[in-house]
Structures are given as structure tokens and as C-alpha cells.
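The values are calculated or read from the model by the stated rules, or taken from the named source; none is laboratory data. These numbers come from a predicted model, not from an experiment. So basically every Cβ, Gly included, is an ideal-geometry build from the backbone, and we count neighbours across all protein chains shown. Ligands, DNA and RNA are stripped out before the accessible areas are found, and what is left, the full protein with its side chains, is counted by its heavy atoms. Shrake-Rupley method; radii C 1.70, N 1.55, O 1.52, S 1.80 Å.
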Amino acid sequence: MDTISLFSPAKINLFLHICGQRNDGFHELFSLVAPLDFGDDLVIIKDLDSTSSSIKLTCNDSNLSLSDDNLIMKAVRCFQKVTGTDDGLRIELEKRIPMGAGLGGGSSNATTTLLGLNQLYGGLLEEKELADLSASLGSDCPLFLDKRAQLMSGRGDELERLPKVLLDRIRNQRLLLIIPPFSINTAWAYDQMRDNPGVYISKAESNKHWLKWCESSRPLSELLSNNMEILAFRKHLALPVLLEFLKEEFDLNCGMTGSGSCCFALYGDREHDLGRIDEAIKSFCGEGFRLQETVIL
């Protein structure tokens, strides 16, 4: 096998609670994270005509850095170092996940690259080795090793699979992603949390929120919660105003994913006129906002 094509999914945080700063400088969090059927496409090709260890990354998005600071490039170098492989590679990325949106695009690309390389080379790494390598690239990279909803805790590196009964309540839920024309820098967002400790949610309160939903038959909309919204919405006033408008006008339950800027609306079982929603958002906020239908994997 000399070529492999892979899907690199976006994710949303159905709830995200930042519980405080850890001694290692990271933040303690608790979150339910779900992969989507919306994402990027990645093609990895062994370039047998190139010089050893040559890596060429191309992308349809000119705003994406293609140098060694790109997480895909870092993933390749890590894989080669651990496995001793050194073939030339060409990697083609069809980018759809917006950057700085809280959808995990870079982390997904990195982990998908590791999975693709491992398949391309016949499974050189075991599951635990892939998990460790993925975690070395970023706190939330390992969650993309398993394309189903998981509980995330610690600094984002502790993952817990859900029992089938809970997965069945989450899978195939229809969503509408609301993508603003601006991004929110993740480092800025966590700095804001650090400077405003009053917005932290205790681990006990966060766990209570999760268990209350698990032990009930309540809809997914009642799980939505994200204390990173508080500070993001102070800076970007259009977001809370828009989400309130969508609730009042279309009865859509909305939230923000990650540190933003992307928000999402749960459809439930209702049918909505997307054209009318799109027109209303553009009339309300301007032409820069765009919508994307998707479902939870």
C-alpha cells in the first residue's frame, strides 16, 4: 500500500467545564466531546521518487501554515522517530474545519495522520503507543483515536468511553454549526479564565451536572453548558445575542464549542427551514456567518 485516504472529523463539546488551574500550569477540565460527520479529508502518499525523509504538505486553505509548526508535520516526524521509517511522503489536506473555532481541526488532523501512517506501514504501533504519541502532540489529540463520544477530563488527556445506553442517546443527533467570520485564540481564552477564577466550575458541581443527565431521560439540550462562554461572549457580543435570537425565533437550543468561536444548535427531531435560518442570521449579524449541517458520529 502506497496511498491512504482518511476522514479527519471535527468535534464539539456538548458540555465543557473548566474547573481550575493545575499545578503543571494546565487547566483541569471535564467535558463530553463528540466527533461529527463534518471534517477534513487527508491523503497520505509514499513518495517513492523523492529523497529520504522528504515531506511535502499541501492544502486548499492558503491561511494554513505548511511548515514544521503544523501539527501534521509534527505528527509525521514523531511517527518516523519512533518507528524508524524514513520514506518521502506527500500529504494532501482538504480543509473544511475552520481554524480557531473550537472544533479541534488541528488536533484531529494530527491524530488522523498518525493513524494513517500506522495503517500505511502495516500497524507498527500498538493502540497504547499511538495514544502516547498522540498525547505528546496536544492535550486533546488522543480523543480522535476513537470516533465516538467520550468523557474528557484531566488536562484533556484522560478519556473514558461511554456505555452503549448513553452513546445511543447521543449518536446521530442532528446539529447546525454556526461559524462566525472570526476566530478565538485558545491561549487567550485560557488566560482569561486564569484572570477570572470566579467563572471556574468545581469538579463536584460538574460531575453532578453530568450524573443528573445520565440518570434521567432528559434531552441532550439539557446537558449543554460551557463556562468558557462567559468570557468569550464578553468580547464577542454578537454571539450571545445571536444565540438568544435563534432560541426565540426558531426554538433552537444553542451552545458554544470549546473556547469558540464556533457555536452549534441542536435540531432534535424537528424540521427546520435552513434557508430561512441562514437568511435570518445574515440579516441579524451580516454576511460573514455561515452554517453547516452535521450529525454526531
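Got a number for residues in the range 68-82 being over 14 Å from T113 (Cα atoms) and either within 22 Å of the chain's Cα centre (by Cα) or open to solvent by less than 50 Å² (accessible area, probe 1.4 Å) (or both)?
Number of matching residues: 2.
Can you pull out every residue in the range 278-297 that is over 24 Å from the mean Cα position of the chain (by Cα) and either surrounded by 14 or more Cβ atoms within 10 Å (Cβ to Cβ) or of a type in the set (V, I, T) (or both)?
If the condition is that a residue be over 24 Å from the mean Cα position of the chain (by Cα) and either surrounded by 14 or more Cβ atoms within 10 Å (Cβ to Cβ) or of a type in the set (V, I, T) (or both), then A280, K282, F284, C285 are the ones that fit.
Among (1) open to solvent by 70 Å² or more (accessible area, probe 1.4 Å); (2) of a type outside the set (A, V, I, L, M, F, W, C); (3) within 22 Å of the chain's Cα centre (by Cα), where does R155 come up short?
Here R155 clears every test but (1).
With D191, D140 as the choices, which residue is modelled with pLDDT of 95 or more and not basic (K, R)?
When all the criteria are applied, what remains is D191.
Which condition does F38 not pass, out of (1) under 20 Å from R148 (Cα atoms); (2) among the aromatic types (F, W, Y); (3) touching a helix residue (DSSP H, G or I) at 6+ places or on another chain (Cβ under 7 Å), if it passes all the others?
(3)
Going by what's in this entry, would D168 be described as under 30 Å from W213 (Cα atoms), buried (at least 17 other Cβ atoms within 10 Å of the Cβ) and of a type in the set (D, E, K, R)?
Numbers: under 30 Å from W213 (Cα atoms): yes; buried (at least 17 other Cβ atoms within 10 Å of the Cβ): no; of a type in the set (D, E, K, R): yes.
No.
Being open to solvent by 40 Å² or more (accessible area, probe 1.4 Å) and within 12 Å of I178 (Cα to Cα) is the filter here, so list the residues in the range 254-277 that pass it. Outline the logic, then answer.
Taking the range 254-277 first, the residues open to solvent by 40 Å² or more (accessible area, probe 1.4 Å) are 269-276.
Across the range 254-277, the qualifying residue is only L274.
Given (1) buried (at least 20 other Cβ atoms within 10 Å of the Cβ); (2) free of Cβ contacts under 8 Å to residues at least 60 places away in the same chain; (3) among the polar types (S, T, N, Q), identify the lone condition not met by N13.
Failing condition for N13: (2).
Identify, by number, the condition in (1) of a type outside the set (G, A, S); (2) crowded, with 19+ Cβ neighbours inside 10 Å; (3) in contact with a Pro (Cβ under 9 Å, 6 or more places away or on another chain) that K95 doesn't meet.
That leaves (3) as the condition not met.
Filter the range 101-138 down to residues that are small (G, A, S) and in contact with a Leu (Cβ under 8 Å, 6 or more places away or on another chain) and give me whichever is farthest from N70 (Cα to Cα).
Checked the range 101-138; the qualifying residue farthest from N70 (Cα to Cα) is A131.
Any idea which of (1) buried (at least 16 other Cβ atoms within 10 Å of the Cβ); (2) touching a residue at least 40 places away in the same chain (Cβ under 8 Å); (3) not aromatic (F, W, Y) is the one A110 doesn't satisfy?
With respect to (1) buried (at least 16 other Cβ atoms within 10 Å of the Cβ); (2) touching a residue at least 40 places away in the same chain (Cβ under 8 Å); (3) not aromatic (F, W, Y), A110 is out only on (2).
Take the residues in the range 125-152 that are more than 20 Å from L42 (Cα to Cα) and open to solvent by 40 Å² or more (accessible area, probe 1.4 Å), then tell me which one is farthest from the chain's Cα centre (by Cα).
By that ranking, first place goes to E126.
So is F264 of a type in the set (F, W, Y) and out of contact with any Pro (no Cβ under 6 Å at 6 or more places or on another chain) or not? Walk me through how you get there before you give the answer.
Numbers: of a type in the set (F, W, Y): yes; out of contact with any Pro (no Cβ under 6 Å at 6 or more places or on another chain): yes.
When the stated conditions are applied, F264 passes them.
Checking the structure you have, find out if any residue of the range 258-265 is in a loop (DSSP other than H, G, I, E, B), in contact with a Lys or Arg (Cβ under 9 Å, 6 or more places away or on another chain) and free of Cβ contacts under 8 Å to residues at least 12 places away in the same chain.
no
Given the criterion touching a residue at least 24 places away in the same chain (Cβ under 8 Å), closer than 16 Å to G104 by Cβ and surrounded by fewer than 16 Cβ atoms within 10 Å (Cβ to Cβ), identify the matching residue among N207, N185.
It is N185.
Could you please find all residues in the range 77-93 being in contact with a Cys (Cβ under 8 Å, 6 or more places away or on another chain) and closer than 19 Å to E129 by Cα?
Residues satisfying the conditions do not exist here.
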